[in-house]
Amino acid sequence: MRPGGRLASLDVLRGFAIAGMLLVNNPGSWSHVFPPLRHAEWHGWTLADLVFPFFVFIMGTALAFSLLKHREKVEAGEASAGSLRVRTVRRVALLIILGLLLNGFPFYDFGDLRIPGVLQRLGLVYGLTVLIVTLLKPAGRFVLAVALLVWWWATLTFIPVDGIAPAMEPTRNLQRSIDLMLFGEAHVWQGAATDPEGLLGTPSAVVTCLMGYWAGVFLRDRVIDNIAALRLAVAGLLIASVGQASDLIIPINKPLWTPSFVMLSAGLAMTSLALCVWVVDLKRVRWLLDPFRDIGLNPILVFVGAGMLARLLPLAKVGGYAEAPGVKTFAFDEMVSFGVAPRFASLLFAIAFVFVWWVVAWVLAKWRIIVRV
């Protein structure tokens, strides 16, 4: 494959990450979930903890290709140099607004509206990554990435909270303290003591995006062959190994997006990208992965739509009376009543939920509708 060519594997891995988010976030019952599909309670990691950083990583990979395309348009006189700034600001603002709208849907009680969120973090990470990539030379980007990880490690390790350091407990860490100070307790996620998309975790998430960008530059600027895919896979495994080993220095922790978590998740994302490149772009075994490609063409639309549907399902009562079960509870209970084990019933509901949104994505792909954010 020639340098700079579009990689179908980017859409596949992006779609895989979104499908993973939907699968993890929409079980039939939160009381019956297979352990790999649960987030780690605090330190440590599961497969569920990887889907969001995978999306952040692939956002950086795609950025390497889009920036090249923009530069070519500027050189051809088809775009102005300043159009990138306008597009970036617009995208950051739109992601943050969509995130806030999704957090409040469908009742919009602004008294307890959660301010952080997945889309808000994506917006901030995207904007900061574009800023770093366009203002700094390659060496400067690398130095800044290392500095951000060292800063976050030192912050968590040496800065005391409530007079004690290190401060990496669910109810005692600097990220939680800053979020409560800036947003107030009513405006952070109520499902855990520390909001998993808290503000101070953003700089290390930028490093995840930068690592994706570097993988994209590697693929963009050379002929893609088996050797290139193998090199990327080996590099990813080495980085992930460093991340896992770093758990001895600072725990792997997704809510805090610790440096060890950055290395582990980005390394595994890099290896997964290499595998997708080999299967999809080189071997062209696409039929098996086309559903993920369809989702990856409209990832934000699918994510927002699925989030809204998930909030509406409990409100749709089966039977029409106030005490009747919601659609999800009814479907889960019916499967269990037919003899399906609760964990499998919960998983089947989640798979069905993903399938519904694949159908939506498939129709949009067939109609060649791509909603860009």
What do you reckon, is Ala81 outside the structural domain of Val360 (by TED's automatic domain parsing), among the small types (Gly, Ala, Ser) and assigned to a loop (DSSP other than H, G, I, E, B)? yes
Output the qualifying pairs, or none if there are none: Cβ atoms under 6 angstrom, residues six or more apart or on different chains, first residue in segment 64-84 and over 23 Å from Gly212 (Cβ atoms), second residue part of a helix (DSSP H, G or I) and among the hydrophobic types (A, V, I, L, M, F, W, C). Ala81/Val74
Within segment 102-117, residues out of contact with any Gly (no Cβ under 7 Å at 6 or more places or on another chain) and in contact (Cβ under 8 Å) with a residue 60 or more places away in the chain come out as Phe105, Pro106, Gly111, Asp112, Arg114, Ile115
If you check Arg121 against the conditions, is it of a type outside the set (Phe, Trp, Tyr), under 19 Å from Met59 (Cα atoms), in contact with an Asp or Glu (Cβ under 9 Å, 6 or more places away or on another chain) and assigned to a helix (DSSP H, G or I)? yes
Examine segment 307-317 for a residue that is buried (at least 20 other Cβ atoms within 10 Å of the Cβ) and either assigned to a helix (DSSP H, G or I) or not assigned by TED's automatic domain parsing to the domain that holds Asp11 (or both), and state whether such a residue exists. yes
If you take the residues of segment 49-67 that are more than 13 Å from the chain's Cα centre (by Cα) and among the hydrophobic types (A, V, I, L, M, F, W, C), which of them is farthest from Val277 (Cα to Cα)? Leu67
Which one of these does Arg368 not meet: (1) in a loop (DSSP other than H, G, I, E, B); (2) at negative phi? (2)
Applying the selection to segment 155-212, what residues are farther than 13 Å from Leu256 by Cα, of a type in the set (A, V, I, L, M) and surrounded by fewer than 21 Cβ atoms within 10 Å (Cβ to Cβ)? Ile159, Val161, Ile164, Ala165, Leu180, Met181, Leu182, Ala186
Does any residue in segment 346-373 that is not assigned by TED's automatic domain parsing to the domain that holds Thr88 come within less than 6 Å, Cβ to Cβ, of a residue that is surrounded by 12 or more Cβ atoms within 10 Å (Cβ to Cβ) and among the charged types (D, E, K, R) six or more places away or on a different chain, and which pairs are these? Ala361/Asp294; Trp362/Asp294; Ala365/Asp294
With the structure loaded, tell me whether Ala266 is buried (at least 21 other Cβ atoms within 10 Å of the Cβ) and either in contact (Cβ under 8 Å) with a residue 40 or more places away in the chain or under 19 Å from Glu197 (Cβ atoms) (or both) or whether it fails that test. yes
Look through Leu122, Leu101 and report the one residue that is surrounded by 14 or more Cβ atoms within 10 Å (Cβ to Cβ) and over 18 Å from Leu210 (Cα atoms). Leu101
Just checking, does segment 323-343 include any residue being under 27 Å from the mean Cα position of the chain (by Cα), surrounded by 16 or more Cβ atoms within 10 Å (Cβ to Cβ) and either outside any helix (DSSP H, G or I) or at pLDDT 95 or above (or both)? yes
Can Thr258 be described as surrounded by 24 or more Cβ atoms within 10 Å (Cβ to Cβ), polar (S, T, N, Q) and assigned by TED's automatic domain parsing to the domain that holds Pro106? yes
Of everything in segment 188-247, what is among the β-branched types (Val, Ile, Thr) and without any contact (Cβ under 8 Å) to a residue 40 or more places away in the chain? Give them in sequence order. Ile227, Val234, Ile239, Val242
Could you go through segment 120-131 and let me know if any residue there is under 24 Å from the mean Cα position of the chain (by Cα) and farther than 18 Å from Trp257 by Cβ. yes
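The values are calculated or read from the model by the stated rules, or taken from the named source; none is laboratory data. All of these numbers come straight from a predicted model, not from anything done at the bench. Note that we place each Cβ from the backbone using ideal geometry, even for glycine, and neighbour counts take in every protein chain shown.
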